[in-house]
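The values are calculated or read from the model by the stated rules, or taken from the named source; none is laboratory data. None of the values given here were measured: they were computed from a predicted structure. Note that we place each Cβ from the backbone using ideal geometry, even for glycine, and neighbour counts take in every protein chain shown.
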Amino acid sequence: MAATDFHMPVAPREAQRIIEQLVQQSLAHLRETVGEESSKTRGRFIELENEAQTSGHTTVQWPKISEFADEHIGIKKINEYIEKLLLNDNFLVKEWKTAPGGHDLCWLYAIDFIEKRSLEFNNLYIYRVRYSIPTRRSPIPRQTVCIYFTIDVSKVRPKHHPVKVLFAFETMSIIHQPNEFRFRQTWIEDIVLLKEKMARGIDF
């Protein structure tokens, strides 16, 4: 779902704005270093998303507003979202984990809490998930792929309502919601390849 498709009150839009800011910074850097070829690649990312079917819902139960006490709950639930079993298209698969269309075991990830932003009507918790492929030759990967999560904890909605969750892949301008998303491994593969191409084109 494109970022412009969201219809949210002014305060919750801050979550969308933060993610878009991170994405735009990545896109600006890519435009400066790679040029037309990278623009075509980014366009393909968007085409892939538009073609993706979004049937099926995550089995992760995101916490209620009253249950979200600190940033550690967000780390736990994001990890659960990545690992959770999902019944999708009549196949029992793991979302983002060793499945048709999911990532392979060689992909490792780490979840970092970045910051909490306190606004008038909500608190925004920002997280970064970094994917990489360590190998014997390169145990410390040269390139990583970042996915930015924002958990929106409202101060005005009823406490029994769930928190809002949005996330975006770096270099992609599309904002996702967990229950309307199907993972494609090619996205993170293409981002790594794009970064490798950028690195080869930079002289130190």
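Only residues in the range 189-201 that are within 13 Å of TYR131 (Cα to Cα) and in contact (Cβ under 8 Å) with a residue 12 or more places away in the chain count as the first member; pair them with residues that are part of a helix (DSSP H, G or I) and among the basic types (Lys, Arg), Cβ under 9 angstrom, at least 6 apart or cross-chain, and list the lot.
What qualifies is ASP190/ARG44.
Which of the residues belonging to the range 64-92 are at pLDDT 50 or above, surrounded by fewer than 18 Cβ atoms within 10 Å (Cβ to Cβ) and assigned to a loop (DSSP other than H, G, I, E, B)?
ALA69, ASP70, LYS84
Going residue by residue through the range 139-150, is there one that turns out to be of a type in the set (D, E, K, R), surrounded by fewer than 20 Cβ atoms within 10 Å (Cβ to Cβ) and at pLDDT below 80?
yes
If you check THR171 against the conditions, is it farther than 28 Å from ILE65 by Cβ, buried (at least 19 other Cβ atoms within 10 Å of the Cβ) and of a type outside the set (A, V, I, L, M, F, W, C)?
Against the criterion (farther than 28 Å from ILE65 by Cβ, buried (at least 19 other Cβ atoms within 10 Å of the Cβ) and of a type outside the set (A, V, I, L, M, F, W, C)), THR171 qualifies.
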